[in-house]
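The structure appears below as structure tokens.
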Amino acid sequence: MSSERPINPRFDEDVHFNLVSSGPARYQAYTDKPVQYFTVVDKENGSVLGYLWADDEEAAAFEPRQAGGARAMNEGGFWLRRLRSAKERGLTSSQALAELYGNPETAGKGRPLPGSLTDAPNAAAVEALAEGQ
């Protein structure tokens, strides 16, 4: 009798992965095109949590403000879920941005800062703003 354990023959079989769906509908997370964005502030103390931006067609994202810490990072999940919902309903990214800016009462800890909707040359400019550059 041998002291070696038998090797399972399934270890020699190839592994195959089958994609069952493409996942949830999402906007692209980056663009070089001009974007509009607004500031998201904390409902409790008014501190800046981040910026929600979108181009005219297919790109939109939330950029958490680096100085906002964990609260800003956590707030990003809420805004990204709202963007995903808008994409599933067939809205362009600019329509989603307008809808989210026009609804100041949100379920998250942040809300759009009134009067903060403005333009930027691209997503990188908004990202630099969030990083404090």
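In Å², what does the accessible area per residue of region 67-124 work out to with a 1.4 Å probe? Provide the component values of the computation, followed by the final result.
Details: 3080 Å² over 58 residues.
Per-residue accessible area for region 67-124 comes out at 53 Å².
When the accessible area of region 1-109 is computed with all protein chains present and a 1.4 Å probe, what percentage of it is carbon and sulfur?
On the way: 3730 of 7450 Å².
Taking all protein chains in place, region 1-109 shows 50 percent carbon and sulfur surface.
Counting Lys and Arg as +1 and Asp and Glu as -1, each charge on the Cβ, what is the dipole of region 1-63 about the Cα centre in debye, to the nearest 20? Please report the intermediate quantities before stating the final value.
On the way: 5 positive and 12 negative charges, 50 e Å.
The calculation lands at about 240 debye.
Kindly sort 99, 4, 13 by accessible area of their heavy atoms, largest first, with the probe set to 1.4 Å. Kindly include the intermediate steps, with their values, before the conclusion.
Values: 99 75, 4 145, 13 115 Å².
Sorted by accessible area, descending: 4, 13, 99.
Pairs of Cα atoms under 8 Å, at least six residues apart: use those to get the relative contact order of the chain, whole percent. Walk me through the numbers before you get to the answer.
Working: 218 pairs, mean separation 42.1, N = 133.
This gives 32 percent for the chain.
At 222 nm, what helix-only mean residue ellipticity would the chain give, in deg cm²/dmol to the nearest 500, using -39500 (n - 2.57) for each DSSP H run of four or more? Before the final figure, lay out the partial values.
Values: 3 runs with 38 residues, N = 133.
Taking each H run of at least 4 residues, the total per residue is -9000 deg cm²/dmol.
Enter the accessible area per residue of region 14-55 (Å², integer; probe 1.4 Å; all protein chains in place).
On the way: 2740 Å² over 42 residues.
On a per-residue basis, 65 Å².
The values are calculated or read from the model by the stated rules, or taken from the named source; none is laboratory data. Only a predicted model underlies this, so the values are computations on that prediction, with no experimental measurement involved. Glycine gets a Cβ as well: all are built from the backbone with ideal geometry, and neighbour counts include every protein chain shown. Remember, those area values only see protein heavy atoms, side chains included, never the ligands or the DNA or RNA. Shrake-Rupley method; radii C 1.70, N 1.55, O 1.52, S 1.80 Å.
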